[in-house]
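Participant: Starting off with a structure, shown below.
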Amino acid sequence: MPDHATPLYDRWLDIGQLVEVLRQQRVVFLAFLGAVLATALVGTLLVTPKYQAVALVHLMPRAGQEVKVAEVVDNSGGYLESRERARTQIQIIQSRRVREEVLRLYNDLGYDDLKPTPEDIEAFGRALSAGPREDTQLVEIRVVHTDPERAAILANLVAEAYREASLEARTDAARETRVWLKGQTGEYRQALDAASEAVLRFKEEHDVVDIDQKIDGITARMNALQEALGAATTERVLLETKHAQHRRLLDAGQTDVLADTLGDPGLDALLAEKAQVATAAAEIQARYGDQHPDHRRAAAHLARVEGLIADEVRNSVDAEAARLRTLVMQEQRLHEELDAVKAELLEKQRLQDQYDALKMEYERARDVYERLGQRETEVDLQAHTRLNDVRIVDWAVAPTRPISPRPALNMAVALGVGIAGGLGLALLRHRLDETVATGADIEGELGETLLGLVPTVREADDDGRVLFPAQHPRSMVAESMRGIRGVLMTMLGRGRSRRIVVTSCLPAEGKTSIATGLAVAYAQLGTDVLLVEGDLRAPRLHRIFGLDPDGPGLGDALAAGGDPQRFVRETEIPRLRVLTGRADAELPGELLASPEMSRLLDRLVDHHRVIIIDTPPLGLVADAAALAVEADGVVVVARRAVVRRQALARQIRRLRQMGARVLGVVLNDVPPGRDERRYGYVYGDDVEPGGAKGSAAQ
């Protein structure tokens, strides 16, 4: 059932509804998509091609680490240090000094499109970029130019200029570092001598030559005591828990349960014996009664076994208590021994810590002194050999393809933008369109039951479109009417006669066509159907069925009273009869809402299984609302792209407030899709389904 409490427009479109919206707005969607693709294509064709040349350089791992000493300057770094260094080198590559040198070398080669002027240096900076190659120590130097050959030349010049600048900086740093290292070596020589003297003096004063062996012996004793204490504590805690549980069972007199949990073989044998004796006693009692000698002997035997079980259980619980006291005393003794060993160990460790601190200071001074000496030798060698930390791995070559424009990427992006924008525009137009256009509007936006969709019918006049289902029983319109009939039969049931009111919100929405089509569909099923002209202001049924407009009708039946069946007229369609009306009735609204109308419908039920009442539009007069209360259900007809959703929701809400049962909405004048047209050609008659203008007029 639909959720009538859901507010209008407070729903998300599902996939099916979205597809339907796109089908309706396909012209807008395709136009927007085509415009975006065309714009992207024109822009791609008008852009001047640009080429990018790439030179690859390697940043050596020892770069910038002239003073690689653990306690002085530790530049071994790691990921963060390497990343920071790479960023620094990239900034140097793109620096103004390097760019200016590159343009000078470029002019020396005979090229004059870029000169070392402030303007060209800035322009070259925009064309130059550098970045690391992921998970490597390689840096890509990229230069963009409209000429592929010149792009490669500029990229190679940048690599050369950067390598020379790095070598110059490294040589200068090596000279400065060598001077600094000599001063540091002398200072650490003095520190090493002082640390060595302090270690020797401490060993003589505190006799700590074999302190490590003593601490190891004390530690072994402490570990053994801790293991014994842990085992005793664990056993005591487990025994306490078990003993407490056993004591509760014993105090509660549950000796059998306690005996079963103890796991004692003797108790298990007694429990088995008790079960056998109890079984035998029960059998004797059932056969001979309580006073039989065999039963008294069995009962006495059972009592003896139970006494033995109780004694054994108490003995086991008492043994547990004795064991628990022993464990507590053992645990206390282990605690005392452990405290004494800990105190002894702490004293020895205090001496060891002091000795280790002095020894560590000595080893640190010695290590720094040795490293300084080694590094001084390396730096001196580096200053003379001109080692460089930059190596050119790959020279740039002239690219064969431009990096911009990129037609495939541009068109792919344009396609994505076009699809997203077209979809958004289609949804916006759908939201701005307040009329009922699809079944999704009825079920998704209004929350009403969609009874069916009636296709557009191409006929010469309105009256011809009304009888189209009867004249073309194999058409899509007839099929849709039979589908709506099936839904109504499911909702209303098949037992007694049914009265169905067909109305609409506005004029010319096709309510008369739907009412007549439903009547024809029920009649084709072999059901006696009466079609009642409930629109006394503009009646049409007599003209549709070719009947005398002055013949008897609804007004005469209401005025005459009695059996209204004599005013019912036959039609050319078997089992379909009509009760027409004339436009000369005074106060038709009061006439349809009168008690006589209610009694007339009750009498007509005796002769017809289905009564379908065609009424005026809800939005103009109250006639339909008056008849809706007397019906078993109301079918509301909405013509596609005519009635507004808010207006339709308001009229349906008004019907429910008056007590009418709204069965659902029929969406009329729906252009058939490609699949429906194909189906109509194959299985339909000679009438082409689909067309320009719609269903019935009223």
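Each value in this text was obtained by applying a stated rule to the coordinates, not by laboratory testing. These figures come from a predicted structure and were not determined experimentally. Note that each Cβ is placed from the backbone with ideal geometry, even for glycine, and that neighbours are counted across all protein chains shown.
Participant: Just to be sure I understand, if you calculate Kirkwood radius over Cα pairs in Å for this structure, which of (i) 38.8; (ii) 27.6; (iii) 25.8 do you get?
Facilitator: The calculated read-out lines up with (i).
Participant: Calculated from DSSP H runs of 4 or more alone, at -39500 (n - 2.57) each and per residue, what is the 222 nm mean residue ellipticity of the chain, nearest 500?
Facilitator: Computed mean residue ellipticity for the chain: -20500 deg cm²/dmol.
Participant: Using only the alpha-carbon atoms, how far is helix 476-492 inclined from the longest principal axis of the chain? Give it as 0 to 90 degrees, nearest 10.
Facilitator: Helix 476-492 and the main axis of the chain meet at about 80 degrees.
Participant: If neighbour count is taken as other Cβ atoms inside 10 Å, put GLU320, GLU443, GLU119 in order from fewest to most.
Facilitator: Fewest-to-most Cβ neighbours within 10 Å comes out as GLU119, GLU320, GLU443.
Participant: Give me the distance in nm between label points sitting 7 Å out from Cα along the Cα-to-Cβ direction at ASP108 and LEU37, one decimal.
Facilitator: 5.4 nm
Participant: Just check the range 145-195 against the gyration tensor rule for me: Cα atoms, a ≥ b ≥ c as the square roots of the eigenvalues, rounded for a/c under 1.5, and otherwise prolate or oblate depending on whether a/b exceeds b/c. All intermediate terms of the calculation are to be shown ahead of the outcome.
Facilitator: Values: a/c = 10.79, a/b = 5.58, b/c = 1.93.
Verdict is prolate for the range 145-195.
Participant: Starting from the exponent 0.38 and prefactor 2.2 Å, build the expected Rg for the range 211-385 from its residue count and divide its actual Cα Rg by it. Present the calculation step by step, with values, prior to reporting the outcome.
Facilitator: Values: Rg = 35.5 Å, N = 175, 2.2 N^0.38 = 15.7 Å.
With N residues counted in the range 211-385, Rg over 2.2 N^0.38 Å equals 2.27.
Participant: Relative contact order for the chain: what is it in percent, counting Cα pairs under 8 Å that are at least 6 residues apart?
Facilitator: Value for the chain: 19 percent.
Participant: Ranked from highest to lowest mean number of other Cβ atoms within 10 Å per residue, what is the order of the peptides 535-546, 475-486?
Facilitator: Descending mean neighbour count gives 475-486, 535-546.
Participant: Taking the Cβ of ILE121 as the centre, find all other residues whose Cβ is under 11 Å away and add up their charges (Lys, Arg: +1; Asp, Glu: -1).
Facilitator: +1
Participant: Let me ask something else about it. Using only Cα atoms, tell me the angle between helix 645-657 and the longest principal axis of the chain; keep it within 0 to 90° and round to the nearest 10.
Facilitator: Orientation of helix 645-657: about 70 degrees from the principal axis.
Participant: Follow-up question, since we're still on this one. What is the helix-to-structure angle for 96-108, meaning the angle in degrees between its Cα long axis and the longest Cα principal axis of the chain, kept from 0 to 90 and rounded to the nearest 10?
Facilitator: The angle comes out at about 90 degrees.
Participant: While we're on this one: For a protection proxy built on the mean count of beta-carbon atoms within 10 angstrom, sort 36-47, 283-294 highest first, please.
Facilitator: In decreasing order of mean packing, 36-47, 283-294 become 36-47, 283-294.
Participant: Taking R0 as 45 Å, what FRET efficiency do you get between GLU273 and ALA228 from their Cβ-Cβ distance, rounded to the nearest 0.05?
Facilitator: Working: r = 42 Å, r/R0 = 0.94.
Approximately 0.60, to the nearest 0.05.
Participant: For the chain, with the dipole built from +1 on Lys and Arg beta-carbon atoms and -1 on Asp and Glu ones, taken about the Cα centre, which of LEU238, ALA303, ALA631 lies farthest toward the positive end?
Facilitator: Farthest towards the positive pole: ALA631.
Participant: For GLU363 and ALA220, what does the FRET efficiency come to when R0 = 30 Å and r is the distance between their Cβ atoms, rounded to the nearest 0.05?
Facilitator: 0.65
Participant: Mind counting lysine pairs for me in the range 211-385? Cα separation below 22 Å, and the two need to be 8 or more apart along the chain or on different chains. Mind dumping the intermediate values first?
Facilitator: On the way: LYS214/LYS342; LYS214/LYS348; LYS214/LYS359; LYS348/LYS359.
Pairs that pass both the separation and distance tests number 4.
Participant: Further question: About the Cα centre of the chain, how large is the charge dipole given +1 on each Lys and Arg Cβ and -1 on each Asp and Glu Cβ? Please answer in debye to the nearest 20.
Facilitator: The dipole magnitude comes to about 2720 debye.
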